[in-house]
Amino acid sequence: MSTMEKAQVKIGLEVHCQLTNLKTKLFCGCPSDYRGKEPNTTVCPICLGIPGTLPRPNQKAVEDAIMVAEALSSQISEETVFYRKNYYYPDMSKNFQISQYDGGGGVPIAASGTISVEENGTKITVRIRRLQLEEDPARLVHLGAIDTSPYTLVDYNRAGIALLEIVTEPDLTSPKEARLLLQKLRSILEHLGVSDGSLEGAMRCDANISLAGGARTEIKNISSFKEVERALNFEIMRQRSLLARGLKTGQETRHWDETRRTTITLRTKEEEQDYRYFPEPDLTPIRIPAETIESIRRRMPELPDARKDRFVKQYGLPPSSASVLTSEKALADFFEKCTHLYSNARQICNWVTTDLLRCLHGQSIEIGESKITPANLVEMLKMIDEGVISGKIGKKILHEMVKTGSSPRDIARRHGLVRISEHEVLDKLIESVFREFPNAVRDAQTDEKAVHYLVGQLMKKTEGRADPQLANKLIRERLRSHAQQVD
Amino acid sequence: MTELYELTASEIARLIASGKATAEECVDSVIERIHAVERKVHAYITLDEEGARQKARQIDQRIKEKKPVGRLAGIVVAIKDNMCVQGTRTTCSSHMLENFIPPYDATVVERIKRADGIVIGKTNMDEFAMGTSTENSHFGPTYNPWDLTRVPGGSSGGSAAAVACGEAILALGSDTGGSVRCPASFCSIVGLKPTYGLVSRYGLIAYANSLEQIGPLAKTVEDCATLLTVIAGHDERDCTTANLGVKDYKSHLKKPILKVRVGVVKELFGEGTHEGVTKTVMRGVDTLEDITYGCEEISLPSLEYSLPAYYLIAMSEASSNLARYDGLRYGYRAPDESLEWDDTYSKTRKRGFGAEVRRRVILGSFALSAGYYDRYYVKALQVRTLVRRDFERAFSRFDVLVGPTMPLPPFKVGEKIKDPLELYMCDVDTVPVNLAGLPAISTPCGFFEGLPIGMQIIGRPFAEELILRVANAFEKSSRLEATSPPLR
């Protein structure tokens, strides 16, 4: 997008992050590890909203939230209050959600923070409006599409999972920035050890967007970072075409349809729900003493920005590469594990940030889902150093390692990918190349380009496995003996 | 001859301890009494006679083996039907929960069972504790044992009536705006509403969480103190409970009260107070004058606004608390289900709830809605602060405050039920205490034309010990101790 176009777009995000590393739910003792469990098995009278039960706040969740607030340089409240957000929907066992309130009287865990993202080396700072804790609703399961399913099943396993809601100011100016912000946020949460963003549904987001001269639209149901960018791009296009035709964009909430890749109206401003917020009487305000914040500050782990700076200093990496590595905790961890086994950090960095990432993207997986280990990558780098394989072969092996997790030596052996450096073998191959390209052989006596051509043909024949230095040497030797014969 | 069911918990405990009676005999006596009068009084919704007998036999066995038994060994306790008893249906007197069987015990029930109390059954109440007469019950009204044509008060009317006529020795009620004190007053027994946060609400099916407390109902102040000792104290399952350690409320009952300064609250004798009530309670004040440091009138002007503030807060909280009854997970569900969930919800709620519950949910939703929240709910909270401050001021001069519990004697069944506002007005003297979160006890003060009148003694936060002491001294001096209704 051009600078002009960017200036006209304002995007704000509302990100819901599950605190997946907690052992229990936000207001009861049920395990928070609900994924893959039989429906309605990680539940108790409290998260099922059985009459008479009362919520019991998870102290660790509050601490996790404070830690995130610290990482986002936010103002932490001395006292925070839970509210009830009242609405009838089958995913709520109590037909209200215990949340926090952004209106008058509401005090979130923290407010007024910042987060920075880097786009093409330029740093953009986005303001955080507020951070708050709330309980996740249950999961509704439909047969096929929601509008044609003959029934709705409710799985309360997810009900009551601790959600941290992070709301930004509308400081983002492009869909790409929105995606980068989410990536950065995820990396921060992972570095803090509070949430594992790779788990399905662990990070969900609503986006609001407005164009100069238009009203604010909120987009719901965005499931992934890629979808954020897509949904926002679609919305910009839709709003821009409305405005271009002199039509108004109304304030409304829209639903992102992932399969059809469009947004559809969910409700207009007039239909906005009245949540009848009021302070949750079953919970006392939670005091956050300065000592608590201080002790959390003391045990704060290294954050992505600091890690990036350290990578530049400690390993001499270019800042852009260090940025890429630290944009994902698993990637940075992978890199650092490699450095413990292999001294050329820049070499590791090159492989990780280019070939490995390309390979992962190609398979649409994350480093955590791939089978490659740091030891295997390092082994492969050593094989290149030893001249056992070429760099080009290395790329092939890398692909295989990501998929199968096999050791590079096994892969090379199995697929006959080891470098050909035996004289006799190469000699025979060169002989056949010379037979096939007599003109090139002739030209090579005077033209250096033709020499390269012959080397290239040999490489092609060996699928890149010929030792390039030796091949070069042997070809030149043979050319010299040819010349003598001709003489 | 005095029957066992007529005795107090303390007397029964002495008989059992000395081997002059067994727990089973005590339980049988109460069950016999239930068989004799229950069809006239209708105090219970659900009875567990067999469970009670079994528990009594276990206790007798343990006594025989010289094993230790709890403080309530052999004492029959009735539980208001809005507190969960595991495996026993808990209805809140509502069609909505007619067949709801809780999977757990409320903390108070757990503590009573641990003290070897014998839970005999679940008592009738106004639906979801919304009422002052126990007429708003899906299962029909409870009748006042002193005059079967009159109401027992509410909403814990079943519990109070049961204790008054010997269908239980002790009972639990819940008090959101007077629901323990009102029926205690109407049935001439003792009822205590503890300081907010003294007794765990875990397992109490919520009506208005920020106002309500579970409280004991008993024939004497001493029994009331015994039951309070069993149920009070911190509970990690209710984070609004205070952590103040364990107390035996019975041990200081007989300490002198000669230095206690008594404030007589002018507003509690306000306009609309029945002349019989004023007369009877003022006679009680005369008695207090003799046994304390002295009584003096005090005015708490904000009490005038406490009734509307109370109803706004209670209804607002109720509208949210009762939202969960949608027929999806438990309770009643409208039979003609449609595929539209909101349609099924509204049919279920319309038929599952009684008229008074629907009225309060609708009014509460209205008070919380955008544009009205500040005008109603926030304003009510401001009044609440004023009431609290007025009480604080009063307690800088006085140790306890007194006045009538109810502005009128027990009224006739059907007399007020048609006019909700008139019924709401009956709570005028009890709700201030709930707004301020203070402890208050209603103790029998005498009769007016044969109808019971109660006196309310209000204390500072967590001053249960003192108000029990004053009530106990009053009980002894007024010689109203354990009068039984002439019910055969």
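Read the figures in this text as sums done on the coordinates, not as results from a lab. None of the values given here were measured: they were computed from a predicted structure. Don't worry about glycine lacking a Cβ; one is built from the backbone with ideal geometry, like all the others, and counts go over all protein chains shown.
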| request: Report the local net charge at B:Ser29: Lys and Arg +1, Asp and Glu -1, summed over other residues whose C-beta lies under 9 Å from its C-beta. | output: -4
| request: Return the aspartates and glutamates within reach of A:Lys220: Cα separation strictly under 16 angstrom, same-chain partners fewer than 8 residues apart disregarded; answer none if there are no such residues. | output: A:Glu14, A:Asp136, A:Glu165, A:Asp206, A:Glu229, A:Glu235, A:Glu252, A:Asp257, A:Glu258, A:Glu271, A:Glu272
| Ranked by Cβ crowding within 10 angstrom, fewest neighbours first, how are B:Tyr311, B:Tyr293 ordered? | B:Tyr293, B:Tyr311
| task | Go through B:191-197, A:222-228 and give me the packing order, highest mean Cβ count within 10 Å leading. | result | B:191-197, A:222-228
| Taking chain A and dividing mean pair separation by its residue count, relative contact order in percent (alpha carbons under 8 Å, at least six apart) | 13 percent
| Under the Karplus curve 6.51 cos²θ - 1.76 cosθ + 1.60, θ = phi - 60°, whole-Hz ³J(HN,Hα) for region A:68-82, x wherever Gly or Pro sits | 5, 4, 4, 4, 9, 6, 9, 7, 8, 6, 6, 9, 10, 10, 8
| Between A:Asn120 and A:Lys313, how many nm apart are label points set 7 Å from Cα along the C-beta direction? | 3.0 nm
| note | Least to most buried among B:Arg375, B:Arg359, B:Arg488, by other C-beta atoms within 10 Å and fewest first, runs B:Arg488, B:Arg375, B:Arg359
| note | Projected onto their principal axes, the Cα atoms of region B:222-332 stretch, largest extent first, over whole-Å spans of 59, 39, 24
| field | Over chain B: helical MRE at 222 nm, DSSP H runs n ≥ 4 each giving -39500 (n - 2.57), nearest 500 | value | -11500 deg cm²/dmol
| message | If N is the number of residues in region A:423-486, what value comes out of its Cα radius of gyration divided by 2.2 N^0.38 Å? | response | 0.99
| task | Determine, for region B:25-105, the count of lysine pairs separated by eight or more sequence positions (or lying on different chains) whose alpha-carbon distance falls under 28 Å. | result | 6
| task | For peptide A:94-102, compute the average count of partner chain beta-carbon atoms within 10 Å of each residue's beta-carbon. | result | 2
| query | What GluC sites (Glu not before Pro) does region B:1-77 have in DSSP loop regions with at most 16 other beta carbons within 10 Å? | reply | B:Glu3, B:Glu65
| task | Output ³J(HN,Hα) for region B:158-166: one whole-Hz value per residue in order, computed from phi by the Karplus curve 6.51 cos²θ - 1.76 cosθ + 1.60 with θ = phi - 60°, and x for Gly and Pro. | result | x, 4, 5, 5, 4, 5, 4, 10, x
| query | For region A:302-414, what's the relative contact order in percent, using C-alpha pairs closer than 8 Å and at least 6 residues apart? | reply | 21 percent
| note | Output for region A:334-388: GluC sites (Glu not before Pro) sitting in coil per DSSP, at most 15 other Cβ within 10 Å, listed by number, reads A:Glu366
| task | Please list, in chain and number order, the residues 5+ apart from A:Leu172 or on another chain whose amide H is under 5 Å from its amide H, with Hs placed from the backbone. | result | A:Ile11
| request: Mind listing the long-range amide H neighbours of B:Phe448? Cut-off is under 5 Å, sequence gap 5 or more, other chains count too, H placed in the peptide plane at 1.01 Å from N. | output: B:Ile453
| task | Determine, for A:Lys37, B:Lys67, the number of other Cβ atoms within 10 Å of each Cβ, and report the residues in order from fewest to most. | result | B:Lys67, A:Lys37
| What is the mean number of Cβ atoms from other protein chains located within 10 Å of the Cβ atom of each residue in peptide B:320-330, rounded to a whole number? | 6
| note | Count of lysine pairs, region A:311-434, Cα-Cα under 24 Å, sep. 8 or more residues or interchain, comes to 24
| field | Those GluC sites (Glu not before Pro) in region A:283-314 that DSSP places in a loop and that have at most 14 other beta carbons within 10 Å | value | A:Glu302
| query | How high is the relative contact order of chain B, given as a whole-number percent (alpha carbon pairs under 8 Å, six or more residues apart)? | reply | 17 percent
| Shielding of B:198-207 by partners, i.e. mean partner chain Cβ atoms within 10 Å per residue? | 3
| query | Rule-of-thumb check for chain A: C-alpha Rg over 2.2 N^0.38 Å? | reply | 1.27
| field | Set of lysines with alpha-carbon distance to B:Lys255 below 22 Å, sequence-local pairs under 8 removed | value | B:Lys193, B:Lys219, B:Lys247, B:Lys476
